[in-house]
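Participant: Right, I'll just put the structure down here and ask away after.
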Amino acid sequence: MNAAEVTSRSLGERTTPSLGTAVLSRRATAITDRHRSKLAIVYIRQSSTQQIFDHQESRERQYALADYAATLGWPRERIEVIDDDQGRSGRTAEHRPGFQRLIAEVTLDHVGLVLGLEISRLSRSSKDWYHLLELCAVFGTLLADQDGIYDPNDANDRLLLGLKGTMSEVELSTMRNRLERGKLHKAQRGDLILNVPCGYLKLPTGEVILEPDEQARATVQLVLDKFAELGSYGKVYRYLKRHKIYAGIRIHQGPRRGELVWRHVSRALLGRILHHPIYAGAYAYGRRQVDAKRTAANGGKVRMRAVPMSEWKVLQRDRFPAYISWERYLANQQRLGSNRSWPEAPGVPRAGAALLPGLLVCGACGRRMHAGYRSKAKPYYECMRRKLEGSSCCGLGAAAVDDLVGRQALRALEPAALELSLRAQLQINQERERLHRQWQLRLERAAQTAQRAERQYHAVEPENRLVARTLEQRWEEALRAERACQEEYDRFLQDQPRRLTDNERAQIVALANDIPKLWHAAETTAAERKEVVRLLIERVVVHVQADNERGWVEIAWRGGLTTKHEIIRSVARYESLGAYRQLLKRIRQLRREGMTIARIAKQLNDEGYRTPRSRKGYTSTSVRKLLSRCRQKAEASRASHTQTK
Ligand SMILES: [Zn+2]
């Protein structure tokens, strides 16, 4: 039985024509002992289309490839099956650890043969496929599928493999395009309506009518009218919140499908009502399209983005009953567009003086905090939720938290701190050295075992056949163990962390010495400082409470470390000072001692009492004000005292 027959029988495939048999048997001879001494890897993946058709069968056929490798002369334990990627349908190798492992093993020169069902589907993009072919050619690895064995160094095989890859990619994209085109055709007829937004109802016939419930209709009309009146998304949202207005929404899924429920108008729903063209009676398709850049950044999870109206795939006016005119709709869109003032997180560093916009998060609700510049000299951070929804979250003057974070950033860049982290890296390297020695010992032991087995085999008399056979087996096993050990060691070496050279270390330390100078230099712009902070810090969470000058800040550094710090922020009122009672007591005391008001102010400053806001410290005016408060308080308590008597 030649290899070609093995192929067709073991895989239950159609019989190969006789010419093919000749070609395939020639290919089978391409396998040499050098290939057999390395691993045979069966790469198993299920493409999503196969899953639909013959899920179970194709899986069994894929695992049968391991048997096929055995008939080609690979020992069972040297056949490895990589099936990490089952059920994944990533289009590139990036998010398929199995395919990457396959590439890594080929690169480490561990692999003699790669097997796969319809091998060109091993990868889903031509780029990955050619990369694999290229590597297999360099390392002399063969490829096999149910149709035969291919040597990527052979020009004819190479041509065939290339064609197979191209064809399977074309096939896939044809299928995808056909689906997409079908949808588009339906959309162009205006028939592709999945769900209609609140305020409309889709009948079982497919016809779309206005919501029959009068109150639900009225809510939608109110939202649209209010936008015309108030002119801003935020204002409309706050209005709806304040007046506790609910929207009537039809449930789209589940057993209660079609039922009308009443819900708060969420921010998302408000956005939909203001942006959706159906409210002006228009049918649209393709308002949102896949954002390739963000999708790639998000590990292949599809991310959409809204596209401008000129790029919509289908737009038909006057298709549905409308709440507003088309002209009103267009005007609304323009208004919404020009209102938009904050970019998506965290945005580009802007020229404003505040250090942390884009990084700062409100500790109370977890929303982002934005910098406001009501007075140019004193930027102020405010929680977005408070701004949009009027929550009770607390804002704070930028100075306190900016100073703290700036100081901490500089401290992280101090030569001493850097020296510490460089030393930590050195320790990691030493740890690795130890592991290295362990590996050396293991390798030596494996080699010794193999040598001993070999000596024993040679020592036995050839007549003593049975003993010789056992010893031969033992020798083979020892050789195999040695080889497996060596392969394992290669993998260990591969994920070696990068080491810094002495020169690099010196450069880093020298740079660190210059940083404080640069940071404080007058030529350094606010935007540059922000860039530096963003290199070091991922986000900053601020916890502050109303009427309390003390708050605390969590800094999440890049690399996973989080540190906590206390801040003293400037507050609006003396009562918010932590030391307020003590302050009043001290003033009264000093006054009793006969001190002048100006003298008291100086004394308070010397003793380190903080004022809520003023940077000048205590003055005669502020002391006088506080003294009068003391008097009022004393009188009030005396009055209530006499009343109770
Ligand atoms: Zn908040």
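Participant: Would you confirm, using the coordinates I've provided, whether R423 is more than 16 Å from the ligand (Cβ to nearest atom) and over 30 Å from I555 (Cβ atoms)? I'd like the intermediate steps shown before the answer.
Facilitator: On the way: more than 16 Å from the ligand (Cβ to nearest atom): yes; over 30 Å from I555 (Cβ atoms): no.
Answer is no for this residue.
Participant: Output the residues belonging to segment 286-339 that are on the phi > 0 side of the Ramachandran plot and surrounded by 12 or more Cβ atoms within 10 Å (Cβ to Cβ).
Facilitator: Filtering segment 286-339 for residues on the phi > 0 side of the Ramachandran plot gives 286, 299-300, 318.
If the condition is that a residue be on the phi > 0 side of the Ramachandran plot and surrounded by 12 or more Cβ atoms within 10 Å (Cβ to Cβ), then G286, G300 are the ones that fit.
Participant: Would you pick out the residues in segment 357-386 that are small (G, A, S), assigned to a loop (DSSP other than H, G, I, E, B) and more than 22 Å from N548 (Cβ to Cβ)?
Facilitator: Let us first name the residues in segment 357-386 that are small (G, A, S), namely 358, 363-364, 366, 371-372, 375, 377.
Now narrow it down to the ones that are assigned to a loop (DSSP other than H, G, I, E, B): 358, 363-364, 366, 377.
Those that are small (G, A, S), assigned to a loop (DSSP other than H, G, I, E, B) and more than 22 Å from N548 (Cβ to Cβ): G358, A377.
Participant: Would you mind stating whether G390 is under 27 Å from V532 (Cα atoms) and within 16 Å of the ligand (Cβ to nearest atom)?
Facilitator: Values: under 27 Å from V532 (Cα atoms): no; within 16 Å of the ligand (Cβ to nearest atom): yes.
Judged against the criteria, G390 is not a match.
Participant: I'm trying to understand the selection: among the residues of segment 385-420, which are more than 14 Å from P516 (Cβ to Cβ), open to solvent by less than 40 Å² (accessible area, probe 1.4 Å) and modelled with pLDDT under 80? Can you show your working first?
Facilitator: Step one: filter segment 385-420 for residues more than 14 Å from P516 (Cβ to Cβ), giving 385-405, 419-420.
Now drop any that are not open to solvent by less than 40 Å² (accessible area, probe 1.4 Å), which leaves 388-389, 391, 393-398, 400-402, 404-405.
Those that are more than 14 Å from P516 (Cβ to Cβ), open to solvent by less than 40 Å² (accessible area, probe 1.4 Å) and modelled with pLDDT under 80: L388, E389, S391.
Participant: May I pose another question? Could you check segment 367-381 and list, in sequence order, the residues that are open to solvent by less than 50 Å² (accessible area, probe 1.4 Å) and either in contact (Cβ under 8 Å) with a residue 60 or more places away in the chain or within 11 Å of the ligand (Cβ to nearest atom) (or both)? So that I can check it myself, show each step before the final result.
Facilitator: First, the residues of segment 367-381 that are open to solvent by less than 50 Å² (accessible area, probe 1.4 Å): 369, 371-372, 379, 381.
Across segment 367-381, the qualifying residues are M369, Y381.
Participant: Right, next: List pairs: first in segment 64-80 and farther than 9 Å from A40 by Cα, second part of a helix (DSSP H, G or I) and open to solvent by less than 20 Å² (accessible area, probe 1.4 Å), Cβ under 6 Å, 6+ apart or cross-chain?
Facilitator: Between residues of segment 64-80 that are farther than 9 Å from A40 by Cα and residues that are part of a helix (DSSP H, G or I) and open to solvent by less than 20 Å² (accessible area, probe 1.4 Å), the close pairs are A64/L11; T71/V6.
Participant: Go through (1) buried (at least 16 other Cβ atoms within 10 Å of the Cβ); (2) of a type in the set (D, E); (3) at pLDDT below 85 and name the single condition E94 misses.
Facilitator: Here E94 meets the rest and fails (1).
Participant: Let me ask you something else. (1) within 27 Å of G551 (Cβ to Cβ); (2) in contact (Cβ under 8 Å) with a residue 40 or more places away in the chain: which one isn't true of E607, the others all being true?
Facilitator: (2)
Participant: I need the helices (runs of 4 or more DSSP H) fully contained in segment 225-309, keeping only those with at least 3 residues that are over 31 Å from the mean Cα position of the chain (by Cα).
Facilitator: Because the criterion is at least 3 residues that are over 31 Å from the mean Cα position of the chain (by Cα), the helices (runs of 4 or more DSSP H) in segment 225-309 that meet it are 233-242.
Participant: Considering only segment 511-525, I want to know if a residue exists there that is open to solvent by 60 Å² or more (accessible area, probe 1.4 Å), at positive phi and of a type outside the set (A, V, I, L, M, F, W, C). Outline the logic, then answer.
Facilitator: Let us first name the residues in segment 511-525 that are open to solvent by 60 Å² or more (accessible area, probe 1.4 Å), namely 511, 513-514, 517-518, 520, 522-523, 525.
Next, only the ones that are at positive phi stay: none.
Checked segment 511-525: no residue is open to solvent by 60 Å² or more (accessible area, probe 1.4 Å), at positive phi and of a type outside the set (A, V, I, L, M, F, W, C).
Participant: Any residue in segment 195-213 that is open to solvent by 50 Å² or more (accessible area, probe 1.4 Å), farther than 30 Å from A30 by Cβ and in a helix (DSSP H, G or I)?
Facilitator: Within segment 195-213, not a single residue is open to solvent by 50 Å² or more (accessible area, probe 1.4 Å), farther than 30 Å from A30 by Cβ and in a helix (DSSP H, G or I).
The values are calculated or read from the model by the stated rules, or taken from the named source; none is laboratory data. Computed from a predicted structure; not experimentally measured. All Cβ positions, glycine included, derive from the backbone under ideal geometry; neighbour counts span all protein chains shown. These area figures cover heavy atoms from the full protein model, side chains too; ligands, DNA and RNA do not enter into them. Shrake-Rupley method; radii C 1.70, N 1.55, O 1.52, S 1.80 Å.
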